[in-house]
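These notes concern the structure reproduced below.
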Amino acid sequence: MSNIAERVKKIVVEQLGVEASQVTEEANFVEDLGADSLDTVELVMALEEEFGCEISDDAAEKIVTVKQAIEFIKKSLDG
Amino acid sequence: MQDRVAIVTGASSGIGRVVAIHLAKLGARVVLISNESIRILEALEEIRAISPESEAFEADVTSLPCLEESVKLTIEKFGRIDILVNNAGITRDALLIRMSHADWDRVLNVNLTSVFRLTRMVLKPMMKARYGRIVNISSVVGVTGNPGQANYVASKAGLIGFSKSVALETASRNITVNCVAPGFIATAMTDALNPKAKEAILSRIPMGTMGSPEDVAHAVAFLASEQAGYITGETLHVNGGLYMG
């Protein structure tokens, strides 16, 4: 499970060009990590690709923190 | 634009075919999309003589599955899409009071909705690559209006607004979205005009002649080039002085 969290964080670092130390589970993509609306779309696309899952637009809207991204991925992989 | 991958819709005849040939001459690998089954093969043969890796897909731009398949196969073959030229377009002229709903829908679907769909599909690879050139073929009448063409004019004006919005959304990813607005160009579409109408048009063109598809192709190639990277949301008029933005 922690493996998923690591992979999500790695993608966040790559996509948003931030330091790994900034990517805490509580970090908010827009407020804390400086993502704009297009960044968040790209982030979701990258997560879909990495984990081979589909994230609907509705679900994507609710993913605003690193923790939420990790939880969503875990849930969709379990399901 | 050596080795750039360029999708051109409506590429088997008229302006689209000449655009495709021109991009091929500049070194691009061209992906032709057209619903004209025989002519698209003729066009492909002509273009492969210039750019051997070029490809063609027979597809109706109003069919979402057809477009999806074409984009998928393009990515599979080339791994990238650098340039999209949305050129496919039709006319179904009538005075508005007599215009059928079917003719309205058909023109909007071919000329505008297909551009939304295809642009949406190519944005993903372009955003990833941090590079893209999208050129939409509008028309002078999209800016001036034209009696008997409310459907066509609405679609062509729509392209200009669409281009500006997408240009704003994607500028930060090094993707440019522009329009070329041809005036009266000698193609089958304008051949269909009656001689009287043609004469009336010519009398309004300061340069006194219709444009050639090559005139349009040069403008498209410019906006599709790397060098035009700081130009976005713009409409380039190619009309012999008929209308000056």
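Structure notes:
- From the list B:S54, B:S12, the lone residue that is crowded, with 22+ Cβ neighbours inside 10 Å, over 17 Å from the mean Cα position of the chain (by Cα) and at pLDDT 95 or above is B:S54.
- Test: residue in segment B:35-46 that is polar (S, T, N, Q), in contact with a strand residue (DSSP E or B) (Cβ under 6 Å, 6 or more places away or on another chain) and crowded, with 16+ Cβ neighbours inside 10 Å: no
- Across segment B:98-121, the qualifying residues are those that are assigned to a helix (DSSP H, G or I) and among the aliphatic types (A, V, I, L, M), and the one among them that is farthest from the other protein chains (Cβ to nearest Cβ) is B:A102.
- Subset of segment B:122-147 that is over 15 Å from A:Q15 (Cα atoms) and assigned to a loop (DSSP other than H, G, I, E, B) - its residue that is farthest from the other protein chains (Cβ to nearest Cβ): B:P147
- Taking helices (runs of 4 or more DSSP H) as the structural unit, those lying wholly within segment A:14-79 and holding at least 2 residues that are within 14 Å of chain B (Cβ to nearest Cβ) and among the polar types (S, T, N, Q) correspond to A:37-51.
- Unmet criterion (only one of (1) outside any loop (DSSP other than H, G, I, E, B); (2) more than 14 Å from chain A (Cβ to nearest Cβ); (3) closer than 29 Å to B:G233 by Cβ) for B:M207: (1)
- All positions within segment B:148-176 that are of a type in the set (S, T, N, Q) and either more than 14 Å from every other protein chain (Cβ to nearest Cβ) or buried (at least 17 other Cβ atoms within 10 Å of the Cβ) (or both): B:Q149, B:N151, B:S155, B:S163, B:T170, B:T176
- Search result, residues across segment B:64-85 that are part of a helix (DSSP H, G or I), buried (at least 17 other Cβ atoms within 10 Å of the Cβ) and of a type in the set (A, V, I, L, M): B:L67, B:V71
- Among the residues making up segment B:20-63, those that are in contact with a helix residue (DSSP H, G or I) (Cβ under 6 Å, 6 or more places away or on another chain) and more than 24 Å from B:S225 (Cα to Cα) are B:E58, B:A59, B:D60, B:V61, B:T62.
- Count - residues of segment B:15-51 that are under 17 Å from the mean Cα position of the chain (by Cα), closer than 22 Å to B:G132 by Cβ and assigned to a loop (DSSP other than H, G, I, E, B): 1
The values are calculated or read from the model by the stated rules, or taken from the named source; none is laboratory data. Fair warning: this is a prediction, and the values are worked out from it, not measured in the lab. Every residue, glycine among them, receives a Cβ derived from its backbone with ideal geometry; neighbour counts consider all protein chains shown.
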